[in-house]
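Before any comments, here is the structure.
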Amino acid sequence: MKYYGYFRSSAAYRLRIAFGLKGLSPDFIAIHLTRDGGQQKTEAYRAVNPQALLPSLVTDEGDVLTQSPAILEWLDETHPEPPLLPADPVGRARVRAFANVICCDIHPLQNLRVLQYLRKEYGQDQGGVEAWCRTWLGEGLAACEALVARGGEHRFCFGETPGLADIFLVPQLFSADRFGVDLGAMPRLRAVRAECEALPAFAAAHPSRQPDTEA
């Protein structure tokens, strides 16, 4: 397998965690999101992913997969141990709903192209951009806190082993820290993150430990 990513991309971060949990080591191809005007915009990378977004995965058979939720579900179907989703339908729906709060409602509003548009078209400075991010990340993560609390006391988001919800949560909290989101009122999310980051798969996936990392 070949995996196209960037150390600070939260969507790519999700895949790295899943690779670690499932004991996979795909070949890594770095795509820098700001260097050279954004390497994801090149003709060569658009031939891989016409959307010019990260991550992308090329399977051993040569199939190209895009969008981290789809890639994660493919990984779970083709490498089922350990499972990323609960066995029961209601449990799977709850985990997918939590993941979708992050990937559909929170993450798009912090995407690099959105922040660049705010600067270019609306004249926002760095302070304005960060205030935008704090607003939407804070609101979405407050909902995530409530969803985890509703599920009862568990070591991880929805159970005693890490799964899809935790894979989405940890990278999003990394982004929240970058933009100065106050997590003080989210004790369950912070506790889950601490449990996750003590595991080798999560620790090795951290942006600071990637071959393309920058200070």
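Listed here are the residues, each with its yes/no results for (1) of a type outside the set (Phe, Trp, Tyr); (2) under 24 Å from Ala97 (Cβ atoms).
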position	(1), (2)
Gly123	yes, no
Leu141	yes, yes
Gly152	yes, yes
Arg155	yes, yes
Phe168	no, yes
Gly180	yes, no
Leu183	yes, yes
(request) Kindly establish whether Glu214 is in contact (Cβ under 8 Å) with a residue 12 or more places away in the chain, under 30 Å from Gly23 (Cα atoms), open to solvent by 60 Å² or more (accessible area, probe 1.4 Å) and in a helix (DSSP H, G or I). (result) no
(request) From (1) of a type in the set (A, V, I, L, M, F, W, C); (2) assigned to a helix (DSSP H, G or I); (3) open to solvent by less than 70 Å² (accessible area, probe 1.4 Å); (4) free of Cβ contacts under 8 Å to residues at least 12 places away in the same chain, pick out the condition that doesn't hold for Cys104. (result) (3)
(request) Within segment 135-155, identify whether any single residue is within 27 Å of Asp76 (Cβ to Cβ) and among the hydroxyl-bearing types (Ser, Thr, Tyr), and answer yes or no. (result) no
(request) Specify which of the listed residues (Arg155, Arg96, Arg92, Arg119) is surrounded by 13 or more Cβ atoms within 10 Å (Cβ to Cβ), under 25 Å from Arg35 (Cα atoms) and not aromatic (Phe, Trp, Tyr). (result) Arg119
(message) Go through (1) in contact (Cβ under 8 Å) with a residue 24 or more places away in the chain; (2) open to solvent by less than 60 Å² (accessible area, probe 1.4 Å); (3) under 23 Å from Phe158 (Cβ atoms); (4) of a type outside the set (Phe, Trp, Tyr) for Leu112 and report which single condition fails.
(response) (3)
(request) Answer yes or no as to whether Arg155 is within 27 Å of Ala87 (Cα to Cα), in contact with an Asp or Glu (Cβ under 9 Å, 6 or more places away or on another chain) and outside any helix (DSSP H, G or I). (result) yes
(request) Scan segment 32-70 residue by residue and report those that are touching an Asp or Glu at 6+ places or on another chain (Cβ under 9 Å), open to solvent by less than 40 Å² (accessible area, probe 1.4 Å) and either not hydrophobic (A, V, I, L, M, F, W, C) or not in a strand (DSSP E or B) (or both). (result) His32
(message) I'd like to know if segment 191-200 contains one or more residues that are over 23 Å from Gly138 (Cβ atoms) and either assigned to a helix (DSSP H, G or I) or modelled with pLDDT under 95 (or both).
(response) yes
(request) Please give the number of the condition Ala131 fails out of (1) open to solvent by 50 Å² or more (accessible area, probe 1.4 Å); (2) farther than 30 Å from Pro83 by Cα; (3) out of contact with any helix residue (DSSP H, G or I) (no Cβ under 9 Å at 6 or more places or on another chain). (result) (1)
(message) Please count how many residues of segment 29-69 are within 21 Å of Ser208 (Cβ to Cβ), touching a residue at least 24 places away in the same chain (Cβ under 8 Å) and more than 17 Å from the chain's Cα centre (by Cα).
(response) 2
(request) Name every residue in segment 72-86 that is farther than 16 Å from Phe156 by Cα and over 18 Å from the mean Cα position of the chain (by Cα), in order of residue number. (result) Glu77, Thr78, His79, Pro80, Glu81
(message) Condition first: in contact (Cβ under 8 Å) with a residue 24 or more places away in the chain, out of contact with any Cys (no Cβ under 8 Å at 6 or more places or on another chain) and farther than 12 Å from Gly140 by Cβ. Now tell me which residues in segment 160-177 satisfy that.
(response) Thr161, Leu164, Ile167, Pro171, Phe174
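Given the condition at positive phi and outside any helix (DSSP H, G or I), answer yes or no: does some residue in segment 110-124 qualify?
Among the residues of segment 110-124, at least one is at positive phi and outside any helix (DSSP H, G or I), which makes the answer yes.
The values are calculated or read from the model by the stated rules, or taken from the named source; none is laboratory data. This structure is a prediction, so every number in the text was calculated from the model and none was measured. Cβ atoms come from the backbone with ideal geometry, glycine included; neighbour counts cover every protein chain shown. Quick note on the areas: whole protein, heavy atoms, side chains included, nothing else; ligands and nucleic acids left out. Shrake-Rupley method; radii C 1.70, N 1.55, O 1.52, S 1.80 Å.
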